[in-house]
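Asks: The structure follows.
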Amino acid sequence: MTESTAPVHAVPRTEGDSAVEVRSICKYYGDIEALRLIDLDFPRGKLTTLLGPSGCGKTTLLKIIAGLVEPTSGDVRVNGKAVTGPGPERAFVFQDFALMPWATVMRNVAFGLELKGMGKAERQSIARHYIAEVGLTGFEDKYPHELSGGMRQRVGLARAFAVNAEVLLLDEPFSAVDEQNRRKFQEDLLQLVEKERKTFIFVTHSIEEAVYVSDRIVLLSRRPSRVAQIIEPKIDRTASPDAIRRDQGYLDTVEEIWQGLKHYVD
Amino acid sequence: MMASSQANSRVNSQLTSPVNGPVRAVHSPAGRGLGLGRLFTSHPIAVRVLSLGLFFLIWEIAGRIPISYAFPTFLETLYAFSSLLLDGSLIAAYGSTLQPLVIGVAISGIVGVGLGIVMGLSRKAEWLVAPLFIVLQSAPMAALIPLITFVYGIGLMAKTLAVIMLALPVIVLNGYKAIRNANPSLVAMCRSFQGTRLQQITKVIIPDASPVIFAGLRLGLAAGFIGVILAELLITPTGIGDLITYHRSVANYAEMYAAVVSIILVSTLTLAALEAFEVRVLRPEKKRG
Ligand SMILES: Nc1ncnc2c1ncn2[C@@H]1O[C@H](COP(=O)(O)OP(=O)(O)O)[C@@H](O)[C@H]1O
Ligand SMILES: [Mg+2]
């Protein structure tokens, strides 16, 4: 894996293929060292997962990419341009949904467009499209507290899709969703990845989930977090969801990561 | 100035009020003990009526024992209330009481919410202003009201000031706490979609803080009522304070109680109106379950 050894500030060879490049990122919260010299490339149009134990700094890294948190040192480039804050080419899906309780599903989904100053009719028609895409048609006028956890996160997802960002940053989007809905949600996500052709950066602490949805898995070690291993599951994603979950490649990758975790994390 | 209406009420108080009839009507809902739990969840209004009814019943019984010569029964008070209402003295009294109250609460509301928001958003403003209001909130304001008369005399100004002194601190401090505790995740969400600072404040922070801001306004309004009544009792008797003072001085206790109860009634109705306004305008989701 070349990522972890790529020279600092060098123009990466994969320039055309990487939507996001993370270079020598370190992050301290006071005395706590959360991230240590993270170097990563995120290939365009792929779903890359950041996998690691709780508290290892996955959210921190994702928020640094989003421009919501300042790194202590190092930089992030999106399409070759250095990140100084949030930007229109990135959209964030929050672990706790971050829905406005006083706003309907429609207003929540259209909120990113509302902030850009888009007219009501236009943003609502865009929002309606993505509400349908995540399977929430008919719930436009509901308020978040009237929805289940899974439905709330679909609203968060639709809101991120609606601004048409190239890079979607998802922070453990399914962690507050029950197991049954979680599987359905993972399958829907794969379809959306296929359909939307965007770059996804996905955070999870579930190995099965990571292997099931990812083109590429970045294994992070315990704090201070470093890139421990990068794995590219070779799985035929055209197969049915149940077939994928029984696929030998899938099972082998899960096992490989288990072994890796034992090795790197302890 | 109220000589004629006072004369009327004196006459009215001599009349004895009808008894017995309605007491059973008030009592009967309490008999359905079994359905009480269900009643509580499915009919919140019915429960409020029931609890008020029980209170009135106990009042009526206590008045008839009687606890004290100066303690009228509920029905006597109700009768006195309607006669005060009909002879216009109650309305005239509120006409003058509401002036300093409305002006004072309006000023406290606007200044208080504004100051609270600024303090919540800026550390500098917090350091500058917060200690003052924390001291003011814990100070015994009622004791300070007579001092106002030395500076501002006994007119509308002094009474308005009394209202502001009681209402403002709680409004400011609630507004400030509400803004300071706005959900950081929503703020980050707004930032992630490139919301400007102004959008962040108007579209996320203030709506998120509005329930606590409104709680402050409700407390401020209630404190304003206390302020205006205290001012009317302590500075110069006018309006409803005059009504209370007068009827106490001539031992029309039913009228006195009616005037006191009317304050509770008016303040409760005003608070309910404020709550309805909040739900309608700022937090529509609270209308449903
Ligand atoms: N705002 C913060 N202030 C101080 N410490 C923080 C803050 N955010 C995260 N941390 C610490 O940094 C580490 C990584 O946190 P986080 O990125 O949330 O981990 P993860 O998402 O992998 O669970 C944790 O030990 C956490 O306690
Ligand atoms: Mg996290």
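The values are calculated or read from the model by the stated rules, or taken from the named source; none is laboratory data. On a predicted model such as this, the values are computed, not experimentally measured, just so you know. Because the Cβ atoms are built from the backbone with ideal geometry, glycine has one as well, and the counts that use them run over all protein chains shown. These area figures cover heavy atoms from the full protein model, side chains too; ligands, DNA and RNA do not enter into them. Shrake-Rupley method; radii C 1.70, N 1.55, O 1.52, S 1.80 Å.
Asks: Using the Cα atoms of segment A:31-96, I'd like the radius of gyration and the largest Cα-Cα distance, Dmax, both in angstrom.
Replies: Using the Cα atoms of segment A:31-96, the pair Rg, Dmax is 12.1, 37 Å.
Asks: Under 27 Å between alpha carbons, and skipping anything fewer than 8 positions from A:Lys142 in its own chain: which lysines qualify?
Replies: A:Lys116, A:Lys120, A:Lys184, A:Lys195, B:Lys203, B:Lys286, B:Lys287
Asks: Separate question: What is the sum of charges, Lys and Arg at +1 and Asp and Glu at -1, for the other residues whose Cβ falls under 10 Å from the Cβ of A:Val78?
Replies: Every neighbour counted, the sum reads 0.
Asks: What distance in nm separates the two pseudo spin-label positions at A:Glu232 and B:Val151, each 7 Å out from Cα along the beta-carbon direction?
Replies: Roughly 7.7 nm, to one decimal.
Asks: Add +1 for every Lys or Arg and -1 for every Asp or Glu among the other residues with Cβ under 13 Å from the Cβ of A:Arg246, and state the total.
Replies: Combined, the nearby Lys, Arg, Asp and Glu give -4.
Asks: Could you give the length gained by full extension between B:Leu269 and B:Leu128, i.e. 0.36 nm per residue of separation minus their alpha carbon distance, to one decimal place?
Replies: Full extension of this stretch gives 47.2 nm more.
Asks: Another question about this same structure. Can you work out the PRE-style zone for A:Ser73? Point 7 Å along Cα to Cβ, and I want the residues of segment A:39-63 with backbone N under 14 Å.
Replies: Residues passing the 14 Å test: A:39.
Asks: Can I ask one more? Using only the alpha-carbon atoms of segment A:96-164, report the extent along each of the three principal axes, biggest first, to the nearest angstrom.
Replies: Per principal axis, max minus min of the Cα coordinates gives 29, 21, 19 Å.
Asks: Helix A:248-265: angle to the longest alpha-carbon principal axis of chain A, degrees 0 to 90, nearest 10?
Replies: On a 0 to 90 degree scale, this one is about 60.
Asks: Output the Kirkwood hydrodynamic radius of segment B:161-289, Cα pairs only, in Å rounded to one decimal.
Replies: 17.1
Asks: Per residue, how much accessible surface does the protein assembly as shown expose to a 1.4 Å probe? Answer in Å², no decimals.
Replies: I get 48 Å² per residue for this part.
Asks: Once the other residues with Cβ under 14 Å from the Cβ of B:Leu269 are scored (Lys, Arg +1; Asp, Glu -1), what is the net sum?
Replies: Residues close to B:Leu269 contribute a combined charge of +1.
Asks: Still on this structure, I have one more. Place a +1 charge on the Cβ of each Lys and Arg in chain A and a -1 charge on the Cβ of each Asp and Glu, then give the dipole magnitude about the Cα centre in debye, rounded to the nearest 20.
Replies: Rounded to the nearest 20 debye, it is 540 debye.
Asks: Also: With viscosity set to 0.692 mPa s at 37 °C, what whole-number translational diffusion coefficient in µm²/s follows for the protein assembly as shown from Stokes-Einstein and a Kirkwood radius over Cα pairs?
Replies: The calculation lands on 115 µm²/s.
Asks: If packing is taken as the average count of other Cβ atoms within 10 Å, what order do B:159-168, B:204-213, A:103-112 fall into, highest mean first?
Replies: Highest mean packing first, the order is B:159-168, A:103-112, B:204-213.
Asks: Right, next: About its Cα centre, how strong a charge dipole does the protein assembly as shown have in debye, to the nearest 20, once Lys and Arg get +1 and Asp and Glu get -1 at the Cβ?
Replies: 800
Asks: How far is the Cα center of segment B:120-161 from the Cα center of segment A:230-264, in Å?
Replies: First find each Cα centre; the distance between them is then 68 Å.
Asks: Explain nothing, just the number: dipole magnitude of segment A:96-164 about its Cα centre with +1 on each Lys and Arg Cβ and -1 on each Asp and Glu Cβ, in debye rounded to the nearest 20.
Replies: It comes to approximately 100 debye.
Asks: Continuing with the same structure: Could you state the number of Å between the C-alpha centres of segment B:263-285 and segment A:92-162?
Replies: 30
Asks: Assuming R0 = 30 Å, what is the FRET efficiency of A:His145 and B:Ala46, from their Cβ-Cβ distance, to the nearest 0.05?
Replies: The formula returns an efficiency of 0.75 here.
Asks: Heavy-atom accessible area of A:His263 with all protein chains present, probe 1.4 Å, nearest 10 Å²?
Replies: Only protein atoms counted, so the area is about 140 Å².
Asks: Calculate the mean, over all residues of peptide A:105-115, of how many other protein chain Cβ atoms lie within 10 angstrom of the residue's Cβ.
Replies: For peptide A:105-115, the averaged partner shielding equals 3.
Asks: Cα atoms only: what Rg and Dmax, in Å, come out for chain A?
Replies: 18.3, 55
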